[in-house]
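The values are calculated or read from the model by the stated rules, or taken from the named source; none is laboratory data. From a predicted model like this one, the values you see are computed outputs, not experimental measurements. Cβ atoms come from the backbone with ideal geometry, glycine included; neighbour counts cover every protein chain shown. To get the accessible areas, we keep the full protein, side chains included, count just its heavy atoms, and leave off ligands, DNA and RNA. Shrake-Rupley method; radii C 1.70, N 1.55, O 1.52, S 1.80 Å.
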Amino acid sequence: MTWEREREEVLRTARLLLEKGLVVGSGGNVSRRLPAKERDLLAITPNRRYYEDLQPSDIPVIDFEAEPVEGELAPSTEALLHIGIYRARKDVGAVIHTHSTFASVLAVARLEIPPILDEQVVHLGGEVKVAKYAPPGSEELVQNALEALEERDAVLLANHGVVGVGRDLREALTVCEMVEKMAQAYLLARLLGRVNPLPPEVIEAEKAIFKLLQTAKEEK
């Protein structure tokens with residue numbers, strides 16, 4: 001089997017989504033770029049399959065036209081979203097889409113997460129915006145997600161869930177976990193009746209740190 005280690009990493013990460021309560025059943029999807037010389041490729045979880053029933057060989061490999069390269073199962077219906085992010089963001093090596101509870105609440109309410117905690121700005125790039133609604137799997141969803149994501153590492157999909165990106169799968173998973181934590185903190189603060197974002201000068205300084213960290217990652 002080609003790309004055995006990479007496909008095993010995708011499957012292991014998908015199973016972690018279940019263990020961490022970020023998805024239920026066969027929800028969500030996980031992908032990573034693959035090392036390839038002739039064309040851009042990615043390994044992505046298959047459509048509507050329970051992760052605990054899969055083997056690494058069940059993880060489809062497709063190109064950036066969503067054409068199959070290896071594997072018998074159909075790729076996730078969100079394959080176009082993953083491809084769109086990889087094309088727009090050369091710094092991204094992994095994409096994870098989850099349906100975590102608190103972040104999904106904000107996605108339904110269509111409330112972005114303002115810059116409320118230092119780690120959010122330093123590690124995610126600032127606020128977590130909500131992409132305009134579009135049907136799952138559509139080109140419109142890809143464009144809306146990219147518009148809201150920009151150079152940050154997370155975006156909420158209206159009435160849907162979360163997308164987190166990273167240099168690798170571990171980083172993308174951490175982003176998704178952090179978004180869920182921020183969503184919970186934001187909702188609880190709203191219930192208390194007061195949300196105090198970080199001071200503007202702090203936000204600006206920490207966004208600069210985020211950009212420096214991104215540059216350092218790209219140079220490695």
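For the reader, a short list of remarks on this structure follows.
- Every pair of residues 6+ apart whose Cβ atoms lie under 7 Å, when the first sits in the range 50-74 and is within 16 Å of L18 (Cβ to Cβ) while the second is surrounded by fewer than 16 Cβ atoms within 10 Å (Cβ to Cβ): Y50/G25; Y51/R15; E52/R15
- Of all residues in the range 8-37, those satisfying the criterion of being in a loop (DSSP other than H, G, I, E, B) and either open to solvent by less than 20 Å² (accessible area, probe 1.4 Å) or not hydroxyl-bearing (S, T, Y) (or both) are K20, G21, L22, V23, V24, G25, G27, G28, P35, A36, K37.
- Where strands (runs of 3 or more DSSP E) sit wholly within the range 43-126, those with at least 1 residues that are of a type in the set (G, A, S) and open to solvent by less than 10 Å² (accessible area, probe 1.4 Å) occupy 94-98.
- Applying the condition of being part of a helix (DSSP H, G or I) and within 19 Å of V23 (Cα to Cα) to the range 138-173 and asking which residue is most open to solvent (accessible area, probe 1.4 Å) yields R170.
- Any hit, the range 186-207, residues being touching a helix residue (DSSP H, G or I) at 6+ places or on another chain (Cβ under 6 Å), part of a loop (DSSP other than H, G, I, E, B) and buried (at least 16 other Cβ atoms within 10 Å of the Cβ): no
- Residue match in the range 9-19 (condition: closer than 24 Å to A131 by Cβ and without any contact (Cβ under 8 Å) to a residue 60 or more places away in the chain): yes
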